[in-house]
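Remarks on the structure that follows.
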Amino acid sequence: LNPMEFIRKFGIKSVLKASFFSVFLGLLIIGALFVAKKHYLGDKYYFGILISDSIVGKDFVVVDKEHSLKNLKGEILAFDFPLDTDYFKKGKSFAKYVKCEEGDLLENKSGKFYCNGEFIGGALPKDSKGNPVQDFKWNGIIPKDSFFVMGTHTYSFDSRYWGFVTKKDVKGVVVWLQ
């Protein structure tokens with residue numbers, strides 16, 4: 001049914017009651033999340049909502065702000081975007097998978113990235129709109145407190161194009177996804 005047919009069939013009062021109920025239920029759920037956070041999770045964790053295609057199939061997250069930042073390969077790092085670009089501004093909230101970290105050997109061989117000799121992904125020559133993009137140039141040991149991160153989406157804008165996330169920009173490690 002389209003909206004007008006729905007209103008004709010059930011009446012405006014029923015539609016308004018249903019709308020009010022939906023808004024009330026949504027506010028109740030949000031309130032419950034805040035209470036749960038304050039009383040059960042404390043200040044160590046926070047809830048987040050992923051609104052990009054960078055982590056495919058995941059929408060809601062809990063981030064551990066005090067998680068150790070060691071041995072994170074395969075984990076999802078929540079961080080503030082480290083620089084201003086044509087695509088995103090510095091400080092925007094991001095979340096990406098850690099593919100290579102401090103002390104690892106990262107190599108860029110003609111746009112193909114390797115961590116300790118293992119292929120982890122390639123950079124595309126153009127963005128989703130067909131504009132040319134430059135890949136991150138690095139061949140060497142990843143510096144202390146730095147992470148090379150990548151998303152799962154084909155056009156994920158990640159370390160392959162702008163470089164490392166450093167510890168100072170990290171908000172925490174994602175410990176729960178839904």
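Overview of values
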quantity	calculated
Probe 1.4 Å, all protein chains present, accessible-area order of TRP162, TRP176, largest first	TRP176, TRP162
Accessible surface of GLU75 - all protein chains present, 1.4 Å probe, nearest 10 Å²	80
Spherically averaged projected area of region 93-153 from its Cα convex hull (nm²)	4.7
Solvent-accessible surface ranking, highest first, for VAL170, VAL63 at 1.4 angstrom	VAL170, VAL63
Set of aspartates and glutamates with alpha-carbon distance to LYS144 below 12 Å, sequence-local pairs under 8 removed	GLU101, GLU102, ASP104
Charge context of ASN116, other residues only, Cβ under 12 angstrom, K/R +1, D/E -1	-2
Under 19 Å from the THR152 label point (7 Å along Cα→beta-carbon), backbone N, region 59-95	59-64, 72-79, 94-95
Ellipsoid equivalent to region 54-178 - semi-axes via the Cα gyration tensor, in Å	21, 18, 13
Radius 11 Å from Cβ of ASP80, net charge of other residues (Lys, Arg +1; Asp, Glu -1)	+4
PHE113 long-range amide H proximity, modeled H, under 5 Å	ILE120, GLY121, GLY122, ALA123
Amide H within-cut-off set for HIS153, under 5 Å, with H built and near neighbours excluded	VAL56
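The values are calculated or read from the model by the stated rules, or taken from the named source; none is laboratory data. What you see is a predicted model; the values in this text were computed from it and never measured. Cβ coordinates were reconstructed from backbone atoms using ideal geometry, including for glycine residues, and neighbour counts include every protein chain displayed. The accessibility values were calculated without ligands, DNA or RNA, using every heavy atom of the protein model including side chains. Shrake-Rupley method; radii C 1.70, N 1.55, O 1.52, S 1.80 Å.
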